[in-house]
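Reviewing the structure listed below.
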Amino acid sequence: MSAAASIGPGANSASITPKRGYSREQWESKLDSVKVSKANLNALVMNYLIIEGYQSAALKFAQEANISSSVALDSIDDRMQIRAAIHAGAIQEAIERINDLNPELLDTNPELHFSLLRLQLIELIRKCTASANGDIQPVLSFATTHLASRAQKNPAFLTDLERTMALLCFPQDSLAPQLAELMDPSLRRQVAARVNEAILEAQGVMREAKMRGLVRLWGWAENALRQEKVDFPSLDLKNIA
C-alpha cells in the first residue's frame, strides 16, 4: 500500500506537511534579489532625516547625493527647538516659536492649542506646589484667562481643565494615577510629538518617516511567516522605530 493510500480521510494533513524554512544564506540571497533604485533609497533617507529633525545631516546628505527637498531644510531646526522647549517645560517659549514659524497653526488647531495651554497650566501648578507656601494665584489667573472660555465651549476641554485643576487639591506625592499622569514628563513628549506632526502636515510633509512604516510592515510580514510555520532569520526590531 502506498504512503498516500495509508492516510485516511480524517488524518491531519498538517502533521505531514514538511516545515518550510530558509537558511541565513538563502534568506539574504532573496533579500539581495530585491532591486531598489538608488534614487528611492536616497529619498527614503532624506525623508527620515527631515522628519526626525537631523538638519545638519539632511543638508550634508542633500549636497552629497545631489538631491533637493520640497521642505525648507532650515525649518528643521525650528521644529527641533520647539520640541526641545516643550520637553523642558518651557511652553510659552514653544508657543511663541510656533507662532513665529506658522502664525495660523494653533488658530486652526484648537485641540492642539488647548493641549499646549493645559500643559502650560500644569507647569505653573508644578511650580506652585513645589513648596508648601507656593502661590496659586498665577495658576488661577492663567486658567481663567486662557482656558476657561475655551472649556465652556467644549465639554472635553472642560473635563480636562477640571482634572488639571484637581492637582491643586492633593499632595503631589500621593496623586491618583489619572492625576499623576498629568505630572509625568511623558505628557510633554506626547504633546511635543503632536506639535511636530502638525507642523509637518502644515508643510505638506507626512507626519511619520516612511522608514518607520516600512519597519512596521516588516514586523507584520515576519509575524505572518511565523503563523505559516516558516523558519527564517528574524530581524531584531525592538530598537528600531
field: Filtered residues of region 167-187 (kept if of a type in the set (A, V, I, L, M) and within 28 Å of the chain's Cα centre (by Cα))
entry: Leu167, Leu175, Ala176, Leu179, Ala180, Leu182, Met183, Leu187
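When you check Arg150 against the structure, is it in contact (Cβ under 8 Å) with a residue 40 or more places away in the chain and either open to solvent by less than 70 Å² (accessible area, probe 1.4 Å) or charged (D, E, K, R) (or both), yes or no? Even if it seems obvious, please write down each step before you answer.
On the way: in contact (Cβ under 8 Å) with a residue 40 or more places away in the chain: yes; either open to solvent by less than 70 Å² (accessible area, probe 1.4 Å) or charged (D, E, K, R) (or both): yes.
Taking the combined requirement at face value, the residue satisfies it.
So which residues in region 163-192 are part of a helix (DSSP H, G or I) and open to solvent by 50 Å² or more (accessible area, probe 1.4 Å)? Steps first, answer last, please.
Pass one, region 163-192, residues part of a helix (DSSP H, G or I): 163-169, 172-174, 177-183, 186-192.
Residues satisfying the conditions are Arg163, Leu168, Cys169, Gln172, Asp173, Ser174, Pro177, Gln178, Glu181, Arg189, Gln190.
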- request: Please go through region 127-147 and pick out each residue that is open to solvent by 70 Å² or more (accessible area, probe 1.4 Å) and in contact with a helix residue (DSSP H, G or I) (Cβ under 7 Å, 6 or more places away or on another chain).
  value: Asp135, Ile136, His146
query: Within region 65-96, how many residues turn out to be touching a residue at least 24 places away in the same chain (Cβ under 8 Å), among the charged types (D, E, K, R) and not in a helix (DSSP H, G or I)?
result: 0
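Is there a residue being touching a Lys or Arg at 6+ places or on another chain (Cβ under 6 Å) and not acidic (Asp, Glu) anywhere in region 84-92?
In the first step, residues of region 84-92 are kept if they are touching a Lys or Arg at 6+ places or on another chain (Cβ under 6 Å); the result is 86-87.
In the following step, the residues that additionally are not acidic (Asp, Glu) were identified as 86-87.
Yes, that holds for at least one residue.
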message: Would you confirm whether or not region 120-142 contains a residue that is in a helix (DSSP H, G or I), hydrophobic (A, V, I, L, M, F, W, C) and under 16 Å from Ala192 (Cβ atoms)?
response: yes
field: Condition check for Phe114: open to solvent by 20 Å² or more (accessible area, probe 1.4 Å) and aromatic (Phe, Trp, Tyr)
entry: no
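Has region 119-134 got any residue that is touching a Cys at 6+ places or on another chain (Cβ under 6 Å) and at pLDDT below 95? Quick ask: steps written out before the conclusion?
Taking region 119-134 and keeping what is touching a Cys at 6+ places or on another chain (Cβ under 6 Å), we get 134.
Narrowing the set further to residues that are at pLDDT below 95 leaves 134.
Scanning region 119-134 turns up at least one residue that is touching a Cys at 6+ places or on another chain (Cβ under 6 Å) and at pLDDT below 95.
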statement: For region 97-111 the number of residues that are open to solvent by 80 Å² or more (accessible area, probe 1.4 Å) and either assigned to a helix (DSSP H, G or I) or among the charged types (D, E, K, R) (or both) is 5
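The values are calculated or read from the model by the stated rules, or taken from the named source; none is laboratory data. What you see is a predicted model; the values in this text were computed from it and never measured. Here Cβ is always computed from backbone atoms with ideal geometry, including for glycine, and neighbour counts include all displayed protein chains. Remember, those area values only see protein heavy atoms, side chains included, never the ligands or the DNA or RNA. Shrake-Rupley method; radii C 1.70, N 1.55, O 1.52, S 1.80 Å.
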